Amino acid sequence: MDAPLITPLITVEHLDHAFEEAGAAKPVLRDINLSVGPGEIVILTGPSGSGKTTLLTMLGGLRAAQCGSLRILGAELLHADRATLTRLRRQVGFIFQAHNLLPYLNALENVRVGLEVHPDWLDRGRPAMDGRCADLLADVGLAERASYYPEKLSGGQKQRVAIARALAPRPRLLLADEPTAALDKESGRMAVELFRRLADEQGAAIVMVTHDNKIIDIADRVVNLDDGRLVAGS
């Protein structure tokens, strides 16, 4: 019996993207073709300025597609309307280089922000949300810091809160931009093992930009971007 076909969660075909600079179009991404399946972790590498972060933001619907096809979680993002983008973003977890924590919320409340955009979590009520957030903070080694505000946290601790926030709703797609850059070796390993669990147990697709060679082994595949083009990976 033939194995069942697995539908990719990400399918990018002939994607081009350019920024306007001094009145002229400056190409950033050139003829990108990429497919990522459920449960797959793909690491995106390449020199600074090669287009990695631009591609990551386009995969999450944070930057509009200009040309080509960008099909994410079954939705075509080229010329997508606001409702389509909103539905997509609710299924995507983002981890940015800057942690982007809200300074007037404590660690647990910052993680809860990741749940409050999900109607199903709102229906479960505050105790269920807070329980989930406390569990995630424990998973990233911050159980004792749940009531701390960002100003009382180190850079690495802030990043771990941001990781917990992205993982809290169990996203179908996780996009991470240098998620371990501010972390020590032990914390970085802890974080990527949580990513692996999300992929293996929930079937999430994960695309991660990193220069951290200590976590490359977590990937199912490494894809390299050079001058806006995908080149041979592993």
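The values are calculated or read from the model by the stated rules, or taken from the named source; none is laboratory data. Because the structure is a prediction, the values reported are computed rather than measured. All Cβ positions, glycine included, derive from the backbone under ideal geometry; neighbour counts span all protein chains shown.
In the set Val192, Val209, Val222, Val231, only one residue is closer than 12 Å to Thr45 by Cα and touching a helix residue (DSSP H, G or I) at 6+ places or on another chain (Cβ under 6 Å); that residue is Val209. Surrounded by fewer than 20 Cβ atoms within 10 Å (Cβ to Cβ), free of Cβ contacts under 8 Å to residues at least 12 places away in the same chain, under 16 Å from the mean Cα position of the chain (by Cα) and outside any helix (DSSP H, G or I) - does that describe any residue in segment 81-103? Checked against the condition, which is being surrounded by fewer than 20 Cβ atoms within 10 Å (Cβ to Cβ), free of Cβ contacts under 8 Å to residues at least 12 places away in the same chain, under 16 Å from the mean Cα position of the chain (by Cα) and outside any helix (DSSP H, G or I), segment 81-103 yields at least one hit.
For segment 30-72, taking the residues that are modelled with pLDDT of 95 or more and assigned to a loop (DSSP other than H, G, I, E, B), the one that is surrounded by the most Cβ atoms within 10 Å (Cβ to Cβ) is identified as Glu40. Criterion first (of a type outside the set (A, V, I, L, M), over 20 Å from Ala199 (Cα atoms) and in contact with an Asp or Glu (Cβ under 9 Å, 6 or more places away or on another chain)) does Gly141 satisfy it? In short, yes.
Applying the condition of being in contact with a strand residue (DSSP E or B) (Cβ under 8 Å, 6 or more places away or on another chain) and among the polar types (S, T, N, Q) to segment 182-234 and asking which residue is modelled with the lowest pLDDT yields Ser234. May I ask you to verify whether Thr210 is of a type in the set (Ser, Thr, Tyr) and within 26 Å of Arg30 (Cα to Cα)? When the stated conditions are applied, Thr210 passes them. Can you name the residue in segment 104-115 that is over 18 Å from the mean Cα position of the chain (by Cα) and either without any contact (Cβ under 8 Å) to a residue 24 or more places away in the chain or not in a loop (DSSP other than H, G, I, E, B) (or both) and, of all such residues, is farthest from Gln157 (Cα to Cα)? In this case the residue turns out to be Glu109.
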